[in-house]
Amino acid sequence: MCCEEQWMLRCRSGDKDAFYKLVEPYLDRVYSTSTAILRSTHLAEDAVQNAMIEAYQAIMNGKEIRNFGSWFKKVAAMRAMDLARKRSRLSKRTTDFGEWEPVDHQRQPVDTMLENEEKSLLFAQVMSLPIRYRSVILLYYYQEMSLDEISEVLGVKKGTVKSRLHTARSKLLKLQQSNHSKRVVFHV
């Protein structure tokens, strides 16, 4: 029996800390992805909270969950997409989003600074995409979901996911190319 299964059993038997031990390894990633999808830290908190409630209820109701981490990331992405759909129905305006940048404390400061600059630029470009393209990029690359899982989360056919992923990559490539042509190089 794997560790996740043990935590779920302990949770079902009333261990109040077991649920936190189960979800804690995934919270940063699902929060970051939810923030990126929703462009709002407050809505991301709601999405993660909703996913946690759903996960807790599923565990307590005895749902068979084979790979909790994958299942939980998928549930969190679906809750974020639910809120994104609800928000787009209520309003077409965008909201400010908090800074999203994972920190790697093992690297040299200069390396980290240069890499973070590139990541920030790429992240800004991803965030500039319409949600249909932004969501597939985030789910595929950041959440490492399969095309089938993304299809299920978004409620579209697998072919649609492939098409959106291809279009998103093309749009990002064009943004990258236009950005490189705008850079000014100074020679010393």
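Please go through segment 15-31 and pick out each residue that is surrounded by fewer than 15 Cβ atoms within 10 Å (Cβ to Cβ) and without any contact (Cβ under 8 Å) to a residue 24 or more places away in the chain. Selection gives D15, K16, D17, Y20, E24. When the test is whether a residue is open to solvent by 40 Å² or more (accessible area, probe 1.4 Å) and farther than 19 Å from S13 by Cβ, R87 passes it.
I'd like to check something: does segment 119-126 contain any residue that is surrounded by 13 or more Cβ atoms within 10 Å (Cβ to Cβ), at pLDDT 80 or above and farther than 26 Å from G69 by Cβ? So far as segment 119-126 goes, yes, one or more of its residues are surrounded by 13 or more Cβ atoms within 10 Å (Cβ to Cβ), at pLDDT 80 or above and farther than 26 Å from G69 by Cβ.
Restricting segment 36-70 to residues that are surrounded by 19 or more Cβ atoms within 10 Å (Cβ to Cβ) and at pLDDT below 90, the residue that is farthest from E152 (Cα to Cα) is S40. In segment 140-163, the residues that are on the phi < 0 side of the Ramachandran plot reach residues that are among the polar types (S, T, N, Q) and surrounded by 15 or more Cβ atoms within 10 Å (Cβ to Cβ) with C-beta atoms within less than 7 angstrom, at least six apart or across chains, in these pairs: Y142/T33; Q143/T33; L154/S135; K157/S151; K158/S151; V161/S151.
The values are calculated or read from the model by the stated rules, or taken from the named source; none is laboratory data. All values derive from a computational prediction rather than experimental measurement. Glycine also receives a Cβ, built like all others from the backbone with ideal geometry; neighbour counts cover every protein chain displayed. These accessible areas exclude ligands, DNA and RNA; they are computed on the full protein's heavy atoms, side chains included. Shrake-Rupley method; radii C 1.70, N 1.55, O 1.52, S 1.80 Å.
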